[in-house]
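Trainee: Here it is: the structure, laid out below.
The values are calculated or read from the model by the stated rules, or taken from the named source; none is laboratory data. Everything quoted here is computed from the prediction, not taken from an experiment. Here the Cβ positions follow ideal geometry from the backbone for every residue, glycine too, while neighbour counts run over all protein chains shown.
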2 protein chains.
Amino acid sequence: MERESNIIDGKQRSLEIQAELKEKLTELKENNANWRIPLLVVVTVAPTKATLSYLAHKKSAAVNCGIAFKEERFDSSISQEQLNQRCKEITSDVNVTAVIVQLPLPDHLKMWEVVQFIPQEKDVDGLNAQNQGLIQVGLPCLMPCTPQGVLHLLHHFGLIVKGQHAVVIGRSPLVGKPVANLLLGREANMSVTVVHRHVADLKKHTLDADIIVSCVGKANLITADMVKEGVVIIDVGINFVEDQTRKTGVRMCGDVSSDVYPKCRAYTPVPGGVGPMTVAMLMRNTVIAALRQQGLPELDEGWRNRARTNPQ
Amino acid sequence: MERESNIIDGKQRSLEIQAELKEKLTELKENNANWRIPLLVVVTVAPTKATLSYLAHKKSAAVNCGIAFKEERFDSSISQEQLNQRCKEITSDVNVTAVIVQLPLPDHLKMWEVVQFIPQEKDVDGLNAQNQGLIQVGLPCLMPCTPQGVLHLLHHFGLIVKGQHAVVIGRSPLVGKPVANLLLGREANMSVTVVHRHVADLKKHTLDADIIVSCVGKANLITADMVKEGVVIIDVGINFVEDQTRKTGVRMCGDVSSDVYPKCRAYTPVPGGVGPMTVAMLMRNTVIAALRQQGLPELDEGWRNRARTNPQ
């Protein structure tokens, strides 16, 4: 029982958020004659089995919340220019609240290019430059879902202590950089170190951390000898390792070895930690986008509101 | 002489860059019948004596480079909405290459709001959300001048070692955050710690640093006991301390105490370090903006090009 008590249950929290969103959407429908049900469009290109499984999670969450959901699927022959153009057309439809491009894309397509064709107010993955910059300067935006989910968990479970130290492993603009910005901004007021593949002595940094956020994608990257007692671990990695006890022959795990868990004040498991929160935040962003587009008052965003009142 | 040899002479480097830009602009004029001389507009609101001195530096650099310069001055009665609107109008003029808002603004005006009304391609201070986000994701942009100047000096003088550790003091979106992003990105591949006013034990972090970038604005914040032998110091702070030996009774200094200098592998003095580089990078951004607007090949941007070939 003691071991279970330090688990951060992202799956449970994700379901609670979805229930809150459903309630909010029901209330909006009842109280606003002109209310349009939010429509989330997911653009896929030649989806693989894994892509379709991510898609199914999103669709099921949308249904749970009462958000309309549509897939726009293209085959792998589509060019970058065609995909950019199609995204532009899809988002120009006033009935479309929100558009995301399901990752990964085939190799010939550049994700960072295509997301620039989704306008800021419909970019619920928070990946276009406008949204990335608005986070940076602390203005209202649509925040990338995984970083938002990480901060939500840390705040919800009271795990942030102003002035403590966080170490973020990985520097991608998808997760590492925005998480670092949020942890060092007014949202958390922590000091933050970002490390990555070119940093030789990872352990030196992780031993110092009160919170570790790992976004690498490498099983057993963090082991018990690399962390201090009482650390909080947020494991964003998704990896598959061989496991003959499973029917599939593989088992999903994060970046953090399970021998770390007993040393943790709290940790997110994989699966069931950050993953479901990413989906919940996508739904939350879709509702935020719908409210803004329809000129209605913002969601009460708790910890985020504090950070917004005074940029910087 | 030994002490002088570790000085990073930003003033000298700034003049060299201005000379290079002048040569480039002369060449462009000679070889392009339709070439329009770049025009930089600086918006000021109720400028103080200090503001006018910054302005004079910029004007003089523009004249040096062969860039046309214009001040658009408003008095303190202008409202936020009026200023936003005027910025929009000024930038819509096709003859205007580049627009910046001279800081600081009077208290009733929000800088982060007004810069959103300057379109990305004319925002040569690199402060609107689009430019801030494009840096974050590693796409071509106009980079904020001070962070760009810092990286330029570090690269020009060969002071960056991949995998080494940088500590950035200050987390503002003007300097701290973009410098941190550039140091941990492909431009430098360093590990980076960002600290700020809520971090109690500054010394613990600075003692670990191979490079310290201080952007706080507090004289003598960094003292000799807080750094290791051979550190590189980039001092972005501008402070005025009492000095009865001066006619004015004050002396300009940075965040770093002069007793740190003998321990440094290299350091930027204040004045004469980062300040003049900020002005040089503003001129460079204006030329970059002019080339892009007129459909001409980009400047050779050295270290920045490497970082651009593959976002992330």
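Trainee: Residues being within 20 Å of B:Asn285 (Cβ to Cβ) and loosely packed, with under 14 Cβ neighbours inside 10 Å: count how many of those fall in segment B:89-98.
Mentor: The qualifying residues number 4.
Trainee: Based on what the data block shows, is A:Val287 under 18 Å from the mean Cα position of the chain (by Cα), of a type in the set (Val, Ile, Thr) and either at pLDDT 95 or above or surrounded by fewer than 24 Cβ atoms within 10 Å (Cβ to Cβ) (or both)?
Mentor: When the stated conditions are applied, A:Val287 passes them.
Trainee: Next question, about the same structure. How do the pairs read when you match residues in segment B:253-268 that are farther than 22 Å from B:Gly158 by Cα with residues anywhere that are part of a helix (DSSP H, G or I), using Cβ under 6 Å and keeping only pairs 6 or more apart or on different chains?
Mentor: From residues that are farther than 22 Å from B:Gly158 by Cα, the pairs are B:Asp259/B:Ala224.
Trainee: What are the pairs with Cβ atoms under 7 angstrom where one residue, in segment A:187-205, is in contact (Cβ under 8 Å) with a residue 40 or more places away in the chain and the other, located anywhere, is polar (S, T, N, Q) and surrounded by fewer than 22 Cβ atoms within 10 Å (Cβ to Cβ)? Sequence gap at least six, or different chains.
Mentor: If the second residue must be polar (S, T, N, Q) and surrounded by fewer than 22 Cβ atoms within 10 Å (Cβ to Cβ), no pairs are left.
Trainee: Would you pick out the residues in segment B:21-36 that are under 18 Å from B:Met281 (Cα atoms) and either polar (S, T, N, Q) or in contact with a Lys or Arg (Cβ under 7 Å, 6 or more places away or on another chain) (or both)?
Mentor: Answer for segment B:21-36, where residues must be under 18 Å from B:Met281 (Cα atoms) and either polar (S, T, N, Q) or in contact with a Lys or Arg (Cβ under 7 Å, 6 or more places away or on another chain) (or both): just B:Leu21.
Trainee: Restricting attention to segment A:117-127, and to residues there that are surrounded by fewer than 24 Cβ atoms within 10 Å (Cβ to Cβ) and without any contact (Cβ under 8 Å) to a residue 60 or more places away in the chain, which single residue is nearest to the other protein chains (Cβ to nearest Cβ)?
Mentor: My answer is A:Gln120.
Trainee: Related question: If a residue has to be crowded, with 22+ Cβ neighbours inside 10 Å and either at the interface with chain B (Cβ under 9 Å from one of its Cβ atoms) or assigned to a loop (DSSP other than H, G, I, E, B) (or both) to count, how many in segment A:206-230 make the cut?
Mentor: The total comes to 4.
Trainee: Got at least one residue in segment A:238-248 being surrounded by 20 or more Cβ atoms within 10 Å (Cβ to Cβ) and either in a loop (DSSP other than H, G, I, E, B) or acidic (Asp, Glu) (or both)?
Mentor: Looking through segment A:238-248, none of the residues is surrounded by 20 or more Cβ atoms within 10 Å (Cβ to Cβ) and either in a loop (DSSP other than H, G, I, E, B) or acidic (Asp, Glu) (or both).
Trainee: Collect the residues in segment A:132-143 that are within 15 Å of the chain's Cα centre (by Cα) and either away from chain B (no Cβ under 11 Å) or closer than 14 Å to A:Leu183 by Cβ (or both), keeping them in residue-number order.
Mentor: Those that are within 15 Å of the chain's Cα centre (by Cα) and either away from chain B (no Cβ under 11 Å) or closer than 14 Å to A:Leu183 by Cβ (or both): A:Ile135, A:Leu142, A:Met143.
Yes/no matrix, rows are residues, columns are (1) within 23 Å of B:Leu299 (Cβ to Cβ); (2) loosely packed, with under 15 Cβ neighbours inside 10 Å:
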{"position": "B:Gly10", "(1), (2)": "yes, no"}
{"position": "B:Ala19", "(1), (2)": "yes, yes"}
{"position": "B:Leu28", "(1), (2)": "yes, no"}
{"position": "B:Leu40", "(1), (2)": "yes, no"}
{"position": "B:Thr44", "(1), (2)": "no, no"}
{"position": "B:Leu55", "(1), (2)": "no, no"}
{"position": "B:Lys58", "(1), (2)": "yes, no"}
{"position": "B:Gly66", "(1), (2)": "yes, no"}
{"position": "B:Gln80", "(1), (2)": "no, yes"}
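Trainee: Identify all residues within segment A:148-188 that are facing another protein chain (nearest Cβ under 8 Å) and on the phi > 0 side of the Ramachandran plot; write none if there are none.
Mentor: Passing the criteria: only A:Gly163.
Trainee: How many residues are more than 12 Å from A:Val101 (Cα to Cα) and either touching a Cys at 6+ places or on another chain (Cβ under 8 Å) or acidic (Asp, Glu) (or both) if we restrict to segment A:34-58?
Mentor: 0
Per-residue answers, yes or no, for (1) in contact with a strand residue (DSSP E or B) (Cβ under 6 Å, 6 or more places away or on another chain); (2) within 16 Å of B:Thr193 (Cα to Cα):
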| position | (1), (2) |
| --- | --- |
| A:Arg186 | no, no |
| A:Val192 | yes, yes |
| A:Ala200 | no, yes |
| A:Ala209 | yes, yes |
| A:Ile222 | yes, no |
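Trainee: Can you say whether B:Asp93 is among the charged types (D, E, K, R), out of contact with any Leu (no Cβ under 7 Å at 6 or more places or on another chain) and closer than 25 Å to B:Ala61 by Cα, as far as the supplied structure shows?
Mentor: It is true that B:Asp93 is among the charged types (D, E, K, R), out of contact with any Leu (no Cβ under 7 Å at 6 or more places or on another chain) and closer than 25 Å to B:Ala61 by Cα.
Trainee: Residue pairs, Cβ under 7 Å, 6 or more apart or interchain, first in segment B:130-141 and in a loop (DSSP other than H, G, I, E, B), second at pLDDT below 80. List them.
Mentor: Pairs found: B:Gly138/B:Ala307; B:Gly138/B:Arg308; B:Gly138/B:Pro311; B:Gly138/B:Gln312; B:Leu139/B:Pro311; B:Pro140/B:Arg308.
Trainee: A:Arg306 passes all but one of (1) within 30 Å of A:Ile67 (Cα to Cα); (2) modelled with pLDDT under 95; (3) not in a helix (DSSP H, G or I); which number fails?
Mentor: A:Arg306 satisfies all of (1) within 30 Å of A:Ile67 (Cα to Cα); (2) modelled with pLDDT under 95; (3) not in a helix (DSSP H, G or I) except (3).
Trainee: Let me ask you something else. Which pairs do you get when a residue that is small (Gly, Ala, Ser), found in segment B:14-25, comes within reach of a residue that is surrounded by 20 or more Cβ atoms within 10 Å (Cβ to Cβ), reach meaning Cβ atoms under 7 angstrom, with the pair 6+ apart or on two chains?
Mentor: B:Ser14/B:Pro276; B:Ser14/B:Met277; B:Ser14/B:Val279; B:Ser14/B:Ala280
Trainee: Also: Within segment A:189-205, which residues are farther than 16 Å from B:Leu183 by Cβ and either buried (at least 24 other Cβ atoms within 10 Å of the Cβ) or facing another protein chain (nearest Cβ under 8 Å) (or both)?
Mentor: Of everything in segment A:189-205, those that are farther than 16 Å from B:Leu183 by Cβ and either buried (at least 24 other Cβ atoms within 10 Å of the Cβ) or facing another protein chain (nearest Cβ under 8 Å) (or both) turn out to be A:Asn189, A:Met190, A:Ala200.
Trainee: Next up: Is it the case that A:Ser76 is surrounded by fewer than 17 Cβ atoms within 10 Å (Cβ to Cβ) and without any contact (Cβ under 8 Å) to a residue 24 or more places away in the chain?
Mentor: Considered against the rule, which asks whether it is surrounded by fewer than 17 Cβ atoms within 10 Å (Cβ to Cβ) and without any contact (Cβ under 8 Å) to a residue 24 or more places away in the chain, A:Ser76 comes out as no.
So that you can scan it fast, the table gives a plain yes or no per residue for (1) over 23 Å from B:Asn84 (Cα atoms); (2) not aliphatic (A, V, I, L, M):
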site: B:Lys11; (1), (2): yes, yes
site: B:Lys24; (1), (2): yes, yes
site: B:Asn31; (1), (2): yes, yes
site: B:Ala46; (1), (2): no, no
site: B:Tyr54; (1), (2): no, yes
site: B:Ala62; (1), (2): yes, no
